[in-house]
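One structure is given below, encoded as structure tokens.
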Amino acid sequence: MEGASVIWGLVILAAGVFVSVYGSLLFRFVLAVVGFAIGFYATMTLLPATNTALQVLIALIVGGIGAAVLYSLFRISLHIAGALLGAVIVMAVLSLIGWVGGGSMGVVSWILVLAGAGVVGFLGNRLGNAIIPLATALTGAALVVLGFSKLFAPNVGAASNDPIAVLSGGFGFVLFLVLAIISALAQFQITDLRRRLLR
């Protein structure tokens with residue numbers, strides 16, 4: 001296992017755990033962590049791995065920029081939560097199709113993911129506050145599976161940088177579903193408890 005894969009896996013795994021656990025409690029900070037994870041993951045995927053230290057340094061800088069951008073966009077947080085929810089749902093559906101049908105859809109899948117993010121993001125404020133626990137549960141679960149796939153590629157899913165391909169593996173998809181359900185139920189319980197205590 002390469003050093004870059006270990007760093008990559010640990011960073012994304014830690015981000016996923018934070019998002020899954022603190023999703024609705026610390027949503028502004030969760031937005032920053034999601035922005036960081038997206039920037040870090042995209043940079044590690046797109047940048048050639050010629051120099052691991054330089055690649056990680058650039059990924060940390062781009063991740064920091066992503067964190068600052070999403071943190072500052074808190075006023076439209078329901079739209080961002082909707083975009084995250086739409087993107088992850090489309091990725092999960094496409095990965096299920098890939099798991100059953102075998103194969104990735106390439107560029108078409110990413111167009112569908114962006115369309116799902118756009119549509120649900122646009123409707124985000126109309127879906128109410130329940131969108132935050134759902135979005136963070138699914139996003140956190142996806143990040144955890146992506147982190148595990150970098151650390152334990154043969155066991156979790158495809159040895160790929162494509163999240164849809166990773167989730168297309170049987171174990172990766174089941175792990176994603178289980179983590180998403182546990183996180184969503186826990187967040188709804190915490191939200192309900194806080195509402196009752198604040199009455």
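The values are calculated or read from the model by the stated rules, or taken from the named source; none is laboratory data. If you're wondering where the values come from, they're calculated on a predicted model, not measured in any experiment. Reconstructed Cβ throughout: ideal geometry from the backbone, glycine too, with neighbour counts over all protein chains shown.
Observations
- Filtered residues of the range 34-52 (kept if more than 15 Å from Asp162 (Cβ to Cβ) and not aromatic (Phe, Trp, Tyr)): Val34, Gly35, Ala37, Gly39, Thr43, Leu47, Pro48, Ala49, Thr50, Asn51, Thr52
- Filter pass, Ile38 being under 24 Å from Phe122 (Cα atoms) and either outside any helix (DSSP H, G or I) or modelled with pLDDT under 90 (or both): no
- The single residue among Ile7, Ile61 that is under 19 Å from Ala141 (Cα atoms) and either of a type in the set (Val, Ile, Thr) or out of contact with any Phe, Trp or Tyr (no Cβ under 8 Å at 6 or more places or on another chain) (or both) turns out to be Ile7.
- When the range 1-25 is filtered for residues that are farther than 21 Å from Thr45 by Cβ and part of a helix (DSSP H, G or I), the ones remaining, listed by number, are Ser20, Val21, Tyr22.
- Any chance Ser183 is modelled with pLDDT under 90, among the hydroxyl-bearing types (Ser, Thr, Tyr) and buried (at least 23 other Cβ atoms within 10 Å of the Cβ): no
- Top-ranked residue of the range 1-39 - restricted to ones that are surrounded by fewer than 22 Cβ atoms within 10 Å (Cβ to Cβ) and hydroxyl-bearing (Ser, Thr, Tyr), ranked as farthest from Arg195 (Cα to Cα): Ser5
- The single condition among (1) in a helix (DSSP H, G or I); (2) at pLDDT below 90; (3) buried (at least 17 other Cβ atoms within 10 Å of the Cβ) that Tyr71 does not satisfy is (2).
- Note on the range 44-58: residues that are within 25 Å of Trp110 (Cα to Cα), modelled with pLDDT under 90 and not in a loop (DSSP other than H, G, I, E, B) amount to 5.
- Matching entry among Asp192, Asp162 (being acidic (Asp, Glu) and touching a helix residue (DSSP H, G or I) at 6+ places or on another chain (Cβ under 9 Å)): Asp162
- Test result for Ile61, closer than 16 Å to Ala135 by Cα and surrounded by fewer than 18 Cβ atoms within 10 Å (Cβ to Cβ): no
- When residues of the range 91-103 are limited to those that are closer than 24 Å to Ala135 by Cα and small (Gly, Ala, Ser), the one modelled with the highest pLDDT: Ala92
- So Ile65, is it at pLDDT 90 or above and more than 24 Å from Leu167 (Cα to Cα): yes
- On inspection, Arg28 fails the criterion of being free of Cβ contacts under 8 Å to residues at least 12 places away in the same chain, out of contact with any Lys or Arg (no Cβ under 8 Å at 6 or more places or on another chain) and assigned to a helix (DSSP H, G or I).
- Every pair of residues 6+ apart whose Cβ atoms lie under 7 Å, when the first sits in the range 114-132 and is at pLDDT 85 or above while the second is outside any helix (DSSP H, G or I): Ile132/Gly23; Ile132/Ser24
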